[in-house]
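The values are calculated or read from the model by the stated rules, or taken from the named source; none is laboratory data. Every value quoted in this text rests on a predicted model; they were computed, and no experiment measured them. Quick reminder, even Gly has a Cβ in these numbers, built from the backbone with ideal geometry, and neighbours come from all protein chains shown.
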Amino acid sequence: MSLKILELHHHAVRVQAGDASLDAAVRFYRDVLGLEMDATRPAIDLKGAWMNVGDGAQIHLMAIEGPSSACFGPGKDPSNPHVALAVADIQKARAQLDQQGIAYFVLNVMPGADAEQLFLIDPAGNTVELHQLGSCRCARSRT
């Protein structure tokens, strides 16, 4: 049985570490692409900016080089570029991944089992984040 994906929440991209690189990226996404910065970005141990895309998604700019402080090992870094998708129940999704033998790692930056983020790697080596609908800071889930 496959997971049921409800929404695309964010696409995370890396920019070079340093204020100048982050500022240049923000200016590009704001001034060239017309995106607004999310002023309610959570206080996490990661320098970056969350840019709103329409009413329901974001682009997360992450200014970091090398492994992040949340890295679980080679290829297991939640700060790697990734796409984040929402599911109705993250614990049920976790159980389905376990049943299918799909490897993943878990990040929980906010309290509660419903705030867990599951990171898995697709066959092409791309990172995919799964989280529970309503637990993301993206615009649609805040309303």
Requested in this report: Would you mention how many residues in region 21-42 are assigned to a helix (DSSP H, G or I) and either among the β-branched types (Val, Ile, Thr) or in contact with a His (Cβ under 8 Å, 6 or more places away or on another chain) (or both)?
Outcome: 2
Report task. Note down all Cβ pairs under 9 Å where the first residue falls in region 29-46 and is at pLDDT 75 or above, the second is in a loop (DSSP other than H, G, I, E, B) and surrounded by fewer than 12 Cβ atoms within 10 Å (Cβ to Cβ), and they're at least six residues apart or on different chains. Result -> Leu46/Ser69
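Taking the criterion of being in contact (Cβ under 8 Å) with a residue 24 or more places away in the chain, of a type in the set (D, E, K, R) and part of a strand (DSSP E or B), would at least one residue in region 4-15 satisfy it?
Within region 4-15, the first condition is being in contact (Cβ under 8 Å) with a residue 24 or more places away in the chain, and the residues that meet it are 4-15.
Imposing the further condition that a residue be of a type in the set (D, E, K, R) reduces the set to 4, 7, 14.
Adding the requirement that they be part of a strand (DSSP E or B) leaves 7, 14.
Within region 4-15, one or more residues are in contact (Cβ under 8 Å) with a residue 24 or more places away in the chain, of a type in the set (D, E, K, R) and part of a strand (DSSP E or B).
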Query - Qualifying position, being surrounded by 13 or more Cβ atoms within 10 Å (Cβ to Cβ), outside any loop (DSSP other than H, G, I, E, B), touching a helix residue (DSSP H, G or I) at 6+ places or on another chain (Cβ under 8 Å) and of a type outside the set (Phe, Trp, Tyr), among Leu118, Leu97 - result: Leu118
Query raised in the report: In region 58-82, how many are in a strand (DSSP E or B) and within 14 Å of Glu129 (Cα to Cα)?
Result: 4
Report task. Only residues that are closer than 16 Å to Ser135 by Cα and not acidic (Asp, Glu): list them for region 32-51, please. Result -> Thr40, Arg41, Pro42, Ala43, Ile44, Trp50
Query - Where a residue in region 87-107 is more than 15 Å from Met1 (Cβ to Cβ) and its partner, wherever it lies, is aromatic (Phe, Trp, Tyr) and crowded, with 17+ Cβ neighbours inside 10 Å, with Cβ under 7 Å and at least six apart - result: Tyr104/Phe119; Phe105/Phe119; Leu107/Phe119
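For (1) farther than 22 Å from Gln117 by Cβ; (2) under 14 Å from the mean Cα position of the chain (by Cα); (3) buried (at least 18 other Cβ atoms within 10 Å of the Cβ), each residue gets a yes or a no:
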site	(1), (2), (3)
Leu6	no, no, no
His11	no, yes, no
Val15	no, no, yes
Asp19	yes, no, no
Ile44	no, yes, no
Trp50	no, yes, yes
His60	no, yes, yes
